[in-house]
1. Give me the distance in nm between label points sitting 7 Å out from Cα along the Cα-to-Cβ direction at residue 64 and residue 31, one decimal.
2. For region 39-86, calculate the relative contact order in percent as a whole number, restricting contacts to Cα pairs under 8 Å that are 6 or more residues apart.
3. What is the calculated FRET efficiency for residue 274 to residue 119, with r their C-beta to C-beta distance and R₀ = 41 Å, to the nearest 0.05?
4. Using a 10 Å cut-off on Cβ atoms, rank the peptides 58-67, 245-254 from the highest mean neighbour count down.
5. If you take the beta carbon distance between residue 7 and residue 251 as r and set R0 to 41 Å, what does 1/(1 + (r/R0)^6) give as a FRET efficiency, to the nearest 0.05?
6. How do 224-233, 84-93 rank on mean C-beta neighbours within 10 Å, highest first?
7. Want the number for residue 136 to residue 292: 0.36 nm per residue separation, take away the alpha-carbon distance, what's left?
8. By counting other Cβ atoms within 10 Å of each Cβ, how are 292, 5, 70 ranked from fewest to most?
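Since every read-out is calculated from the coordinates, none of them should be taken as a lab result. Quick caveat, the model's predicted, so the values are computed rather than measured. Cβ placement follows ideal geometry from the backbone for every residue including glycine, while neighbour counts extend to all protein chains displayed.
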């Protein structure tokens with residue numbers, strides 16, 4: 001029985017985003033499988049093997065996607081599209097004969113994290129999926145944070161405790177933050193809320209989530225240019241799909257303002273622009289951007 005959780009695997013993969021061809025870290029992925037290989041080696045499979053080895057995950061490993069697929073089928077671990085779970089390996093095909101050409105880590109939401117995609121570790125919107133290699137993870141409890149939107153006698157009816165049989169029924173107060181926990185198999189009860197760390201256990205009878213306040217990004221018009229990046233590439237210099245030109249508007253406003261659609265990762269927001277469509281933008285500390 002593995003002790004590795006799917007959240008551990010995805011967290012480690014996210015920590016590698018941005019490494020690209022020529023980086024010493026990429027050579028580590030490759031030489032983890034074969035110490036004599038050089039940086040010219042295709043490394044999408046090596047990346048996943050490195051992730052699994054770092055955590056001690058017992059899974060199908062290798063440096064060749066076709067070989068990994070063959071092994072998965074022989075062990076009954078090959079899944080058709082639609083049968084997968086987060087943390088499984090997703091196999092892509094780009095050839096007319098349907099051969100397995102590329103592999104990544106499925107993270108849910110229609111995306112994977114891949115090595116050697118656009119020559120780097122980055123997010124990949126899933127298309128051309130051939131199938132999946134099943135991974136087995138330790139069962140984990142997942143915590144989600146919600147905010148009560150109705151209070152008083154007509155408030156949210158909750159049960160506080162580890163299960164219904166031992167729980168205490170009470171009415172939550174308006175504005176109260178609840179920590180809700182459920183096994184992964186019971187996630188249907190809790191969809192649409194945000195993950196947080198495990199603190200207490202509550203079982204919820206009914207909840208209507210509070211509407212999240214929309215965040216905005218303000219780009220100072222003192223900036224001459226500002227890189228934006230496509231959704232399927234790591235937001236690093238060289239991967240940009242265009243440049244915003246804030247200084248062109250300095251006579252009209254102090255800032256260019258954009259709604260945050262979501263956060264792709266720390267300090268990287270997804271916004272919609274007039275000229276480049278929906279893109280990623282880096283707004284970390286020191287850039288001059290303001291988050292409101």
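1. 2.4 nm
2. Working: 23 pairs, mean separation 12.8, N = 48.
The value is 27 percent.
3. On the way: r = 29 Å, r/R0 = 0.71.
Once rounded, the FRET efficiency stands at 0.90.
4. Numbers: 58-67: 18.3, 245-254: 12.9.
In decreasing order of mean packing, 58-67, 245-254 become 58-67, 245-254.
5. Details: r = 49 Å, r/R0 = 1.18.
Calculated transfer efficiency: 0.25.
6. On the way: 224-233: 18.0, 84-93: 21.2.
Peptide ranking by packing, descending: 84-93, 224-233.
7. Numbers: separation 156, 0.36 × 156 = 56.16 nm, distance 4.09 nm.
Taking 0.36 nm per residue and subtracting the Cα distance, the gain is 52.1 nm.
8. Details: 292 11, 5 19, 70 15.
With the fewest neighbours first, 292, 5, 70 line up as 292, 70, 5.
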